[in-house]
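Written out below as structure tokens is the structure these notes cover.
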């Protein structure tokens, strides 16, 4: 498994590349057209449990062998180089609130009751990656890869009420050679976070440590994830302990609040549903809260004979380019594509689905979000950066998705977002899609040139033939955010189309006294209240 990390490092936006295969992956391998078997692995696999806090010198190395681990930011290796890659897993604010930290974690039961979590300890505990704050770099203390939290009475599929919670920031520093790294301020790069239900099992496990180089090598068994006896990847390991991932309890929502010491802007992508987002200024910077339901995401892991490879896939995989692969040209090769948000990944997956019956290999639950770093539309980018805030959050349970915020189609006046996933779940049941767009109201008004008057919105699910699919949709504006949600639609490769509109001031005045409908939420219960000034019943929140 050591060489898998090189592929992730070499494809900066591809942290979702699957790393769960029995044979080691070869970075930069070409696939011969004579290979007898070809396989594909696509899995939602966050990096939260792969690397403790670390500083790597020479992060521009495309191969990874010269990306060398520094003993710390004061190490001569990090002083001499001009480029440093920084990995920082946030501590809990009760441990260190000097800069970035996780403030709280909670669950909301089906009745709408909020249950606060209690921080137990860091995982793993007391590792070589732990450190105190670095004030000039604006880096808070490092404590393991995240923390174990107990949410009392919120029993997961493993029969425990324990959850692993982590937020990781990947960033970099460019400086003059010889300048001490400790004097350089860290700026946010990739941000990723997750809540994972866990159950502790005992065994011959070791704490995760950093490898000497990003390409792998070093002391065996001390880096990268380990596995349960059933072959399930441990969420995180410590000495003699594996925290095994479990299913979420039914009907619960989960949330976390994070203190950021710097301005957080851009867009997030999430493996969550029906999110509620807030962003508040505080003395240390800003407090961001995200609460949502977990979702089920498909996985693909299959191998087919060479003769069954579709021609459209042949043109891509047998081209003159390198892939991350496992296996060999005689026995068969599996490839790990460059991230679930890469357009090539979506193209290859869609072409392969008919061959494998358009069915997932397995279906797994997730609660996670991460930064979207790709911009493809000037209006969306300009308005998001102009506001200087978190512009929006896109969430979906589709296996593959667009690698940036939605694209604004001037011709149709719609925000469009492309997703794709197997039509069937692993158990053969129809896979039903979820899509949520939470966009800062100021950003939406900037994109469309709207005034401060209320915004109206509609959401459509359009398949490849241009037909609109049936879905349950919700539209609401609350607390400076516009929320749009669609669920219950089928895959394989639909386009989500969101249209916003605004009545003129005169029309707004005429209809001011008309009745409007407010969507209220209590846990998973939804209630509509209609009136000229509707209010949610006690215990319900406006959605």
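Worth pointing out:
- For segment 216-233, a residue qualifies if it is farther than 30 Å from residue 106 by Cβ and modelled with pLDDT of 80 or more, and the qualifying residues are 227, 229, 230, 231.
- Evaluated against (1) surrounded by 22 or more Cβ atoms within 10 Å (Cβ to Cβ); (2) assigned to a loop (DSSP other than H, G, I, E, B); (3) at pLDDT 70 or above, residue 38 falls short on exactly one condition, (2).
- Enumeration of residues in segment 173-187 that are touching a strand residue (DSSP E or B) at 6+ places or on another chain (Cβ under 9 Å) and surrounded by fewer than 19 Cβ atoms within 10 Å (Cβ to Cβ): 174, 175, 182, 185, 187
- Test for residue 351: is it within 26 Å of residue 477 (Cα to Cα), at pLDDT 85 or above and either part of a helix (DSSP H, G or I) or assigned by TED's automatic domain parsing to the domain that holds residue 438 (or both): no
- Taken over segment 445-461, the criterion of being outside any loop (DSSP other than H, G, I, E, B) and surrounded by 13 or more Cβ atoms within 10 Å (Cβ to Cβ) is satisfied by 445, 446, 447, 448, 457, 458, 459, 460, 461.
- Filter pass, residue 363 being touching a strand residue (DSSP E or B) at 6+ places or on another chain (Cβ under 9 Å), assigned to a strand (DSSP E or B) and at pLDDT 90 or above: no
- Within segment 469-502, restricting attention to residues that are modelled with pLDDT under 85 and loosely packed, with under 15 Cβ neighbours inside 10 Å, the residue that is nearest to the chain's Cα centre (by Cα) is 472.
- Among the strands (runs of 3 or more DSSP E) confined to segment 243-327, the ones with at least 2 residues that are farther than 18 Å from residue 42 by Cβ and in contact with a helix residue (DSSP H, G or I) (Cβ under 8 Å, 6 or more places away or on another chain) are located at 266-282.
- With respect to the stated conditions, residue 100 fails to be assigned by TED's automatic domain parsing to the domain that holds residue 148, buried (at least 17 other Cβ atoms within 10 Å of the Cβ), closer than 27 Å to residue 263 by Cβ and out of contact with any strand residue (DSSP E or B) (no Cβ under 7 Å at 6 or more places or on another chain).
- Criterion: under 17 Å from residue 277 (Cα atoms) and either buried (at least 19 other Cβ atoms within 10 Å of the Cβ) or more than 20 Å from the chain's Cα centre (by Cα) (or both) - qualifying residue of 231, 251, 240, 255: 255
- Within segment 41-57, the set of residues being at pLDDT 80 or above and over 25 Å from residue 344 (Cβ atoms) comprises 51, 52, 53, 54, 55, 56, 57.
- Residues of segment 234-279 classified as at pLDDT 90 or above and within 20 Å of residue 140 (Cα to Cα), total: 6
- Residue list for segment 375-392, filter: surrounded by 15 or more Cβ atoms within 10 Å (Cβ to Cβ), outside any helix (DSSP H, G or I) and at pLDDT below 75: 375, 377, 389
Here's the yes/no breakdown for (1) farther than 20 Å from residue 271 by Cβ; (2) outside any strand (DSSP E or B):
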residue: 394; (1), (2): no, no
residue: 408; (1), (2): yes, no
residue: 412; (1), (2): yes, yes
residue: 416; (1), (2): yes, no
residue: 428; (1), (2): yes, yes
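- With respect to being crowded, with 18+ Cβ neighbours inside 10 Å, farther than 22 Å from residue 286 by Cβ and at pLDDT below 95, residue 82 falls outside the description.
The values are calculated or read from the model by the stated rules, or taken from the named source; none is laboratory data. What you are looking at is a predicted structure, and each value in this text was computed from that prediction instead of being measured. Cβ: placed from backbone, ideal geometry, glycine included. Neighbour counts: every protein chain shown.
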